[in-house]
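Engineer: Structure in structure tokens, see below.
Where a number appears in this text, it was derived from the coordinates with a stated rule and is not lab data. Treat the numbers as computed from the prediction; the structure is a model and nothing was measured. All Cβ positions, glycine included, derive from the backbone under ideal geometry; neighbour counts span all protein chains shown.
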Amino acid sequence: MARKSLELRLGQTKALIDEYVKAGLVSDRSCHFMNDMMHRMERGKGMSTGQRKYLDNLIDQGVPTLKNETRVKEILAAADVDGMQQVAQTLKDFAYKLGKGWSLSEKQEKFLTNLLAKAATLKLEGRFRPCEETVEDLENAAAICATKNSWYWNHRPGTAKSYDKVREWLEWNTRREVIEDVEALGKDSIHILGEEPIIDQWACDKLLKACKKPLEELKNPKHQAGEIRHFRGGPQIALIVGTPILQKGEVVYPVIVDGEQLMTHQLNKRRSRKM
């Protein structure tokens with residue numbers, strides 16, 4: 001039998017690795033071995049006689065016959081649905097185990113069922129993205145949360161998780177807007193957009209709930225422009241001259257006190273009584 005050239009063996013190895021990946025067998029040790037040999041050949045390093053023989057045997061055998069083939073294909077298809085990126089590797093691990101004929105635990109089966117249901121919903125409805133109004137609320141909520149200390153986050157792990165998700169997506173969305181604005185001017189942007197992070201309804205709702213009170217005050221101010229309030233920072237009265245904004249995580253109002261305009265949250269409708 002004629003000895004294979006390096007180019008032929010390398011091409012056959014790459015093709016077989018692709019077939020392993022498609023079959024959900026990327027975690028198989030044979031696939032790992034082929035990847036190692038592929039990198040050796042690409043770097044111009046030789047293989048031992050045993051390694052060449054084992055690699056050629058794998059090439060001759062092709063992809064192993066899968067167990068539970070229909071179910072494996074269903075799981076791999078779910079892993080490719082847009083919006084499932086964060087759990088794609090978990091799905092592929094399940095596909096690998098089932099393809100090898102192994103059983104999943106009751107807990108794993110339940111988790112897999114939930115993931116497949118989520119993938120089916122995403123495939124039908126598309127991935128979740130907050131509407132424009134919600135994005136504005138999320139930006140304000142993120143600004144509020146940015147001022148919180150470690151004690152706050154240590155006692156609110158769920159909110160911390162939602163904040164991280166929302167913040168990452170907002171940063172991506174801001175880059176997208178900047179790139180689109182620059183390209184609309186016919187110029188090339190220096191920003192790199194990157195892959196869109198996953199954001200979900202749960203994370204948005206969780207963060208908005210955590211910041212419900214200040215967000216509601218921004219939309220429905222306690223103090224209206226033209227009203228007189230007592231300034232807690234001193235004995236003076238304050239004239240409200242505009243709508244509130246966020247400043248260092250707090251809702252503050254533009255006011256005039258003793259002829260000077262400033263931003264403050266230290267306002268009372270009635271003067272505080274001295275004890």
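Engineer: Under a 5 Å amide H to amide H cut-off, with H placed in plane at 1.01 Å, what residues pair with E250 once short-range neighbours are removed?
Structural biologist: Residues meeting the amide H criterion: none.
Engineer: Please name whichever of M263, I245, A225 sits farthest to the positive end of the charge dipole of the stretch 221-268, dipole taken about the Cα centre and charges placed at Cβ: Lys and Arg +1, Asp and Glu -1.
Structural biologist: Farthest towards the positive end: I245.
Engineer: Could you tell me the relative contact order of the stretch 69-125? Use alpha-carbon pairs under 8 Å, at least six residues apart, and round to a whole percent.
Structural biologist: For the stretch 69-125, the relative contact order is 40 percent.
Engineer: I would also like to ask the following. Just want to confirm a number: the relative contact order over the chain, from Cα pairs under 8 angstrom separated by 6+ residues, in percent.
Structural biologist: About 12 percent, as a whole number.
Engineer: For R176 and L262, what is the calculated FRET efficiency with R₀ set at 30 Å and r taken between the beta-carbons, to the nearest 0.05?
Structural biologist: The calculated FRET efficiency here is 0.25.
Engineer: Please list, by residue number, every one of the trypsin sites (Lys or Arg not before Pro) in the stretch 13-95 that is coil in DSSP and has at most 10 other beta-carbon atoms within 10 Å.
Structural biologist: Qualifying residues, ordered by number: R43, K45.
Engineer: Work out the length of the dipole vector of the stretch 126-185 about its Cα centre, built from +1 on the beta-carbon of each Lys and Arg and -1 on the beta-carbon of each Asp and Glu, and round it to the nearest 20 debye. Kindly include the intermediate steps, with their values, before the conclusion.
Structural biologist: Working: 9 positive and 12 negative charges, 113 e Å.
It comes to approximately 540 debye.
Engineer: Here's something else I'd like to know. Would you mind pulling out the separation of the Cα centroids of the stretch 50-77 and the stretch 154-195, in Å?
Structural biologist: Value for the Cα centre distance between the two parts: 40 Å.
Engineer: Mean separation of Cα pairs under 8 Å and 6+ residues apart, divided by the residue count of the stretch 146-275: what relative contact order is that in percent?
Structural biologist: Averaging sequence separation for qualifying contacts and normalising by length gives 17 percent for the stretch 146-275.
Engineer: Further, regarding this structure: What label, among [x] 100, 50, 35; [y] 63, 38, 38; [z] 101, 46, 39, belongs to Cα extents along the principal axes in Å computed from the structure on display?
Structural biologist: Among [x] 100, 50, 35; [y] 63, 38, 38; [z] 101, 46, 39, the one calculated here is [x].
Engineer: Continuing with the same structure: In the stretch 140-169, which residues have a backbone nitrogen under 16 Å from the label point lying 7 Å from L193's Cα in the Cα-to-Cβ direction?
Structural biologist: In the stretch 140-169, the label zone of L193 (backbone N under 16 Å from the point 7 Å along Cα→Cβ) covers 169.
Engineer: Charges only on Cβ, +1 for Lys and Arg, -1 for Asp and Glu: so what's the dipole of the stretch 6-61 about the Cα centre, in debye to the nearest 20?
Structural biologist: For this selection, approximately 220 debye.
Engineer: Please give the calculated 222 nm ellipticity per residue for the chain, where each DSSP H segment of at least 4 residues contributes -39500 (n - 2.57) and the sum is spread over every residue; nearest 500 deg cm²/dmol?
Structural biologist: -18000 deg cm²/dmol
Engineer: Size of the dipole of the stretch 150-209 about the Cα centre, Lys and Arg at +1 and Asp and Glu at -1 on the beta carbon, nothing else charged, in debye to 20?
Structural biologist: It works out to roughly 480 debye.
Engineer: If you don't mind, there's one more thing I want to ask. Apply the Karplus curve 6.51 cos²θ - 1.76 cosθ + 1.60, θ = phi - 60°, to the phi angles in the stretch 21-33 and return the couplings in whole Hz, x for Gly and Pro.
Structural biologist: For the stretch 21-33, the Karplus curve yields 4, 4, 8, x, 10, 5, 8, 5, 5, 5, 5, 4, 4 Hz.
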